[in-house]
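A short worksheet on the structure shown next.
The values are calculated or read from the model by the stated rules, or taken from the named source; none is laboratory data. In this text the structure is predicted, and so the values were computed from the model without any measurement. Don't worry about glycine lacking a Cβ; one is built from the backbone with ideal geometry, like all the others, and counts go over all protein chains shown. Note: accessible area is taken over every heavy atom of the protein model, side chains too, but ligands, DNA and RNA are not part of it. Shrake-Rupley method; radii C 1.70, N 1.55, O 1.52, S 1.80 Å.
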Amino acid sequence: MTSDSPDITIIGGGNAALCAAITAAEAGARVLILETAPKPYRGGNSRHTRNFRCMHHGPLGPLVDSYTEEEYLADLMKVTGGKTDEGLARLAIRSSEECLPWMQEHGVRFQPSLSGTLSLARTNAFFLGGGKSLVNAYYRTADRLGVQVEYEAAVTHLDLDDDRVTRIDYTQDGKRHSIAPKSVVVASGGFQADTDWLARAWGPAAKNFLIRGTPYNRGVVLADLLDQGIEQVGDPTQCHAVAIDGRAPKFDGGIVTRLDCVPFSIVVNKDAQRFYDEGEDVWPKRYAIWGRLVAAQPDQVGYVIIDAKSLELFMPSVFPPIKADTLEELADKMGLPADALVQTVAEFNNSCGDTSQFHPTELDGVSTTGLNPPKTNWARPITEPPFYGYSLRTGVTFTYLGLKVDDRAQCAIGNRPVTNLWAAGETMAGSILGQGYLAGFGMTIGTVFGRIAGKEAAAHANAT
Amino acid sequence: MQMQPDLLQEARRQAEICNACRYCEGYCSVFPALHAERAFADGDLTQLANLCHNCRGCYYACQYTAPHEFDLNLPQALANVRQDSWEELAFPRAAGKAFQKNGALIALVTVLGFSLLFWAARALASVGGEGFYAVLSHNAMVAIFLPAFLFPLVSIGVSLRRYWRHVGAGPLRPGQVLAALRSAAQMKNLKGGHGDGCNFEDEDRFTHARRAVHQAVMYGFLLCFAATSVATVMHYVFGMPAPYGLFSVPKLLGIAGGLLLTAGCVEMIRLKLRADRQLGAVRAFGGELAFIGLLGFVAFSGLALYALGQTPAMPVLLVLHLGAVLAFFLLTPFTKMAHGFYRLAALTLDAQRKG
Ligand SMILES: Cc1cc2nc3c(=O)[nH]c(=O)nc-3n(C[C@H](O)[C@H](O)[C@H](O)COP(=O)(O)OP(=O)(O)OC[C@H]3O[C@@H](n4cnc5c(N)ncnc54)[C@H](O)[C@@H]3O)c2cc1C
Ligand code: SF4
Ligand code: SF4
């Protein structure tokens, strides 16, 4: 316990942490950020993001038209199947509108919707340079406001005395430190980078999952708090997972590892058998389902097969596809049984019908007949060499288990609030989202609740 | 032409990652051009490289820079290809190879320029000329500087033709050139897409320092050039030889330009010394600094000559100034100076492709 303990300590160094830090510092508090990552990797999953979803009445910044609270909420309800805390969701949605100018004032710059994402031009504001530039801008702003940042500072334990956090333990440079701030904000993300934990929750298959974002979100603080009886929320066995390029790195592959070719392909497992309708819906509505489908296949891997006529129908991939002049050769290169692959493709081709209505960007109804499972859209025979293949793996975005907070972002123990503990961002997102995910909502939650947590934490610190 | 395959391959590898990412689309004209392709031929990469202003916005914004295994450093990859293209496209090629990366050689040529002028001043000392022409006769100056002026024009002309072929451009239209000139005149791309400037001297902080300094150098140079041109016209067309009074057009243009150019070069060198060298063409750093030094010296010695033209220091200053000007002209196609021409060509092609 040192006398120079700051008023407020923020655990984490991503979007939610920075929004809280800036808000608290502007309210006059002395703020310390403890970020476990080294400086080049600061910013957690936030460094991988590209946009946030924002309600608006009329054109706002880069956003066109308008996007109302009701429409936003309806979109959210649809993806979560109603498993949404409506009160907190409305709070996040309503506050998102004032976030955009606030972000600009604090250094964030926006750009028009990226090429290939025009469908989001009305709902999602894109960060110029992506999430890392947002994080950089916030660190600059925080620095100007006198916020102290410690990198490679891994928080290991929060000591609770009844309904109060009395001490934070962290390690840095192999040394243990303890501090006793007046207020604490937890913004240290989910636990998806701890694959042992994932495997305990999901089953051993999770060991083969790839983690799309930071390796530093290992849920250390989350586990520590839940163990001490802090209220939890969200399904502990669930994670948000999508199908990504199987050659992606284990961690931090980020956005570039996505593959948009499934609707124009057939997807087989390692026995060269199809297992699901590749053309069920447009890809943005299916990539999360495919994360689970691939996870259920042997070795948690899938193989996408397309032919020359489909190669340019989707966004370029980060790794070039595997290419071969015959299906046998492709099977060989991809480690698939050649005979089985040839047979699967032949069966698929034989059940394709009239393809004259083929339309790559709409549900075209060009489907197979008599095939199980069917392909209900974009079903064109795979005949034109060269043939191309990609492997698919399950890529985890985040976990749902989190800290339960109220509309002031405050944590609870039993049924009482913890007087000096707030949470923001991924680590409390389960309070709003029970399942599913809406593109751009993660950054909205982090910004809205980061600012609320910062304000509340500062008010508490300034009053004591 | 044979550009270095390893440099091209590295730029291609990175361009493919960017093409799957697209987060930097709004920073500059490189990204929209990049995203319009699926595969990158050598000419495509050369064009992208010459569109890049090395503002570094995309480096500091990139989530894949080292220590990440993707090891993105697009500003450096493009700078290397750009540098290599200037060497390979130079006419004669050997001169491009010799000077672009070699500050010492640039300095050597400058000293040779001084020597030549000293020799000329002695051997061809004029009888009865006035002012500067008492040091070196007007005819001797013309004999030395006319070829020195025409040679770089021809050389750059050849290089630009080579460039145009290499990148696979179509027939040129005046509107495209105009669009390129407009963009260059404002240094639009150095504003960083959001108008906050670029990242250069202080990591990820956006400032207008580099843009301002570059504008000073460019407009300073153009003013000096205009001063010389006006003086030439006055001499030949109106029969009004130098020296000119303080309030004459050539002097006003020249002094303003000289001050801008001198200050711009000093400041540019300071910025470059503060910036991270790993984000540019590392091996060309010495050559770049030497070139800026030479340009600054041309401006500064010109100003000194204005100031001390009536003193006994004049003959020495004149010889130093003219020697530096000579070296500058001769080296224009083979030093950083060439970038302005390639940049204009790249912007022109960009306007053409945007149609
Ligand atoms: C590839 C990818 C793309 C995405 N794209 C988008 C998008 O475009 N829009 C969107 O809204 N959402 C997107 N998301 C989701 C989004 O990243 C998250 O919702 C958001 O970043 C969460 O912010 P946060 O601040 O809560 O967590 P993070 O940004 O992950 O920050 C957590 C921080 O806590 C630190 N930390 C962890 N443990 C400790 C500890 N023990 N001690 C100290 N510090 C610790 C970490 O180092 C990190 O800095 C994407 C996610 C991924 C993986
Ligand atoms: S430089 Fe990095 S962030 Fe920018 S487009 Fe390329 S890969 Fe994406
Ligand atoms: S360094 Fe600047 S000009 Fe060059 S590609 Fe990156 S953002 Fe564009």
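Tell me the strands (runs of 3 or more DSSP E) entirely within the stretch A:107-183 that contain at least 2 residues that are more than 28 Å from the chain's Cα centre (by Cα).
A:154-161, A:164-172, A:175-179
Which condition number does B:Asn54 fail, the rest of (1) open to solvent by less than 20 Å² (accessible area, probe 1.4 Å); (2) at negative phi being met?
Among (1) open to solvent by less than 20 Å² (accessible area, probe 1.4 Å); (2) at negative phi, the lone unmet condition for B:Asn54 is (2).
Report yes if B:Leu108 is of a type in the set (A, V, I, L, M) and within 14 Å of ligand 2 (Cβ to nearest atom), otherwise no.
Considered against the rule, which asks whether it is of a type in the set (A, V, I, L, M) and within 14 Å of ligand 2 (Cβ to nearest atom), B:Leu108 comes out as no.
Quick one: A:Gly61 ticks every box in (1) of a type in the set (Gly, Ala, Ser); (2) within 23 Å of the chain's Cα centre (by Cα); (3) closer than 29 Å to A:Val282 by Cα except a single one, so which number is it?
With respect to (1) of a type in the set (Gly, Ala, Ser); (2) within 23 Å of the chain's Cα centre (by Cα); (3) closer than 29 Å to A:Val282 by Cα, A:Gly61 is out only on (2).
Check B:Val230 against each of (1) more than 22 Å from B:Leu331 (Cα to Cα); (2) in a helix (DSSP H, G or I); (3) open to solvent by 30 Å² or more (accessible area, probe 1.4 Å); (4) in contact (Cβ under 8 Å) with a residue 60 or more places away in the chain and name the one condition it does not meet.
Among (1) more than 22 Å from B:Leu331 (Cα to Cα); (2) in a helix (DSSP H, G or I); (3) open to solvent by 30 Å² or more (accessible area, probe 1.4 Å); (4) in contact (Cβ under 8 Å) with a residue 60 or more places away in the chain, the lone unmet condition for B:Val230 is (4).
What's the number of the only condition in (1) within 27 Å of B:Gly355 (Cβ to Cβ); (2) surrounded by 14 or more Cβ atoms within 10 Å (Cβ to Cβ); (3) touching a residue at least 12 places away in the same chain (Cβ under 8 Å) that B:Lys101 fails to meet?
The number of the failed condition is (1).
Among the numbered criteria (1) at pLDDT 95 or above; (2) closer than 26 Å to A:Phe251 by Cα; (3) surrounded by fewer than 15 Cβ atoms within 10 Å (Cβ to Cβ), which single criterion is violated by A:Met334?
So A:Met334 meets the others, but not (3).
When both residues are 6+ apart or on different chains and their Cβ atoms are under 7 Å apart, which pairs have a first residue that lies in the stretch B:22-33 and is in the same structural domain as B:Arg211 (by TED's automatic domain parsing), and a second that is open to solvent by 20 Å² or more (accessible area, probe 1.4 Å) and away from ligand 1 (no atom under 15 Å from the Cβ)?
Once the first residue is in the same structural domain as B:Arg211 (by TED's automatic domain parsing) and sits in the stretch B:22-33, no partner that is open to solvent by 20 Å² or more (accessible area, probe 1.4 Å) and away from ligand 1 (no atom under 15 Å from the Cβ) comes close enough.
I'd like the full set of residues that are surrounded by fewer than 17 Cβ atoms within 10 Å (Cβ to Cβ) and over 30 Å from B:Pro32 (Cβ atoms), limited to the stretch B:193-225.
The one that is surrounded by fewer than 17 Cβ atoms within 10 Å (Cβ to Cβ) and over 30 Å from B:Pro32 (Cβ atoms): B:Phe225.
How many of the residues in the stretch A:294-327 are out of contact with any Lys or Arg (no Cβ under 9 Å at 6 or more places or on another chain) and either assigned to a loop (DSSP other than H, G, I, E, B) or surrounded by fewer than 20 Cβ atoms within 10 Å (Cβ to Cβ) (or both)?
The number of residues fulfilling the criteria is 8.
Specify which of the listed residues (A:Glu384, A:Glu456) is of a type in the set (D, E, K, R), within 30 Å of A:Thr326 (Cβ to Cβ) and more than 16 Å from ligand 2 (Cβ to nearest atom).
A:Glu384
Restricting attention to the stretch B:43-61, which residues are facing chain A (nearest Cβ under 10 Å) and not aromatic (Phe, Trp, Tyr)?
B:Gly57, B:Cys58, B:Ala61
What single numbered condition from (1) open to solvent by 20 Å² or more (accessible area, probe 1.4 Å); (2) more than 9 Å from chain B (Cβ to nearest Cβ); (3) without any contact (Cβ under 8 Å) to a residue 60 or more places away in the chain fails to hold for A:Phe110?
In the conditions (1) open to solvent by 20 Å² or more (accessible area, probe 1.4 Å); (2) more than 9 Å from chain B (Cβ to nearest Cβ); (3) without any contact (Cβ under 8 Å) to a residue 60 or more places away in the chain, A:Phe110 misses (2) alone.
List, please: which pairs have Cβ atoms under 7 Å, are six or more places apart or on different chains, and start with a residue in the stretch B:105-124 that is in the same structural domain as B:Leu322 (by TED's automatic domain parsing) and end with one that is among the hydroxyl-bearing types (Ser, Thr, Tyr)?
That search, which allows pairs on different chains as well, returns B:Ile106/B:Thr335; B:Leu124/B:Ser137.
Quick check: is even one residue across the stretch B:59-67 under 30 Å from A:Tyr138 (Cβ atoms), within 16 Å of ligand 1 (Cβ to nearest atom), aromatic (Phe, Trp, Tyr) and more than 20 Å from the chain's Cα centre (by Cα)?
Checking the stretch B:59-67: at least one residue is under 30 Å from A:Tyr138 (Cβ atoms), within 16 Å of ligand 1 (Cβ to nearest atom), aromatic (Phe, Trp, Tyr) and more than 20 Å from the chain's Cα centre (by Cα).
Taking the residues in the stretch A:26-56 that are crowded, with 24+ Cβ neighbours inside 10 Å and farther than 22 Å from A:Thr214 by Cα as candidates, determine which candidate is farthest from the other protein chains (Cβ to nearest Cβ).
Among residues in the stretch A:26-56 that are crowded, with 24+ Cβ neighbours inside 10 Å and farther than 22 Å from A:Thr214 by Cα, the one farthest from the other protein chains (Cβ to nearest Cβ) is A:Ala29.
Listed here are the residues, each with its yes/no results for (1) under 30 Å from A:Gly43 (Cβ atoms); (2) within 14 Å of chain A (Cβ to nearest Cβ); (3) open to solvent by 40 Å² or more (accessible area, probe 1.4 Å).
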site	(1), (2), (3)
B:Ala41	no, no, yes
B:Gln63	yes, yes, no
B:Leu72	yes, yes, no
B:Ala79	yes, no, no
B:Ser85	no, no, no
B:Leu89	no, no, no
B:Leu105	no, no, yes
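If you scan the stretch A:186-202, which residues turn out to be in contact (Cβ under 8 Å) with a residue 24 or more places away in the chain and either surrounded by fewer than 16 Cβ atoms within 10 Å (Cβ to Cβ) or assigned to a strand (DSSP E or B) (or both)?
Matches in the stretch A:186-202: A:Val186 only.
Every residue, every condition in (1) part of a helix (DSSP H, G or I); (2) hydroxyl-bearing (Ser, Thr, Tyr); (3) open to solvent by less than 10 Å² (accessible area, probe 1.4 Å), yes or no:
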site	(1), (2), (3)
B:Leu289	yes, no, no
B:Ile292	yes, no, no
B:Ser301	yes, yes, yes
B:Gln310	no, no, no
B:Leu330	yes, no, no
B:Ala338	yes, no, yes
B:Gln352	yes, no, no
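State whether the residues of the stretch A:304-322 include one that is more than 14 Å from chain B (Cβ to nearest Cβ), within 18 Å of the chain's Cα centre (by Cα) and closer than 25 Å to A:Tyr437 by Cβ.
no
For A:Lys78, which of the numbered conditions (1) open to solvent by less than 30 Å² (accessible area, probe 1.4 Å); (2) assigned to a helix (DSSP H, G or I) fails to hold?
(1)
Consider the stretch A:245-271. How many of its residues are in a strand (DSSP E or B) and either over 13 Å from the mean Cα position of the chain (by Cα) or away from chain B (no Cβ under 14 Å) (or both)?
4
Checking the condition of a type in the set (Phe, Trp, Tyr), under 19 Å from B:Leu294 (Cβ atoms) and within 20 Å of the chain's Cα centre (by Cα), which residue from B:Phe99, B:Phe114, B:Phe91 passes?
B:Phe99
Condition check ((1) open to solvent by 10 Å² or more (accessible area, probe 1.4 Å); (2) under 21 Å from B:Gln63 (Cβ atoms); (3) touching a helix residue (DSSP H, G or I) at 6+ places or on another chain (Cβ under 9 Å)) across all residues:
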site: A:Ile179; (1), (2), (3): yes, no, no
site: A:Val184; (1), (2), (3): no, no, yes
site: A:Pro204; (1), (2), (3): yes, no, no
site: A:Asn217; (1), (2), (3): yes, yes, yes
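Identify all residues within the stretch A:113-158 that are more than 16 Å from ligand 3 (Cβ to nearest atom), farther than 25 Å from A:Tyr216 by Cα and within 10 Å of chain B (Cβ to nearest Cβ); write none if there are none.
A:Ser113, A:Gly116, A:Thr117
Which residues, counting only those in the stretch B:1-39, are more than 7 Å from chain A (Cβ to nearest Cβ) and either of a type in the set (Phe, Trp, Tyr) or within 14 Å of ligand 3 (Cβ to nearest atom) (or both)?
Correct list: B:Ala11, B:Gln14, B:Ala15, B:Cys18, B:Cys28, B:Ser29, B:Val30, B:Phe31, B:Pro32, B:Ala33, B:Leu34.
If you scan the stretch A:227-254, which residues turn out to be farther than 18 Å from A:Ala199 by Cβ and of a type in the set (A, V, I, L, M)?
Within the stretch A:227-254, A:Ile230, A:Val233, A:Val242, A:Ala243, A:Ile244, A:Ala248 qualify.
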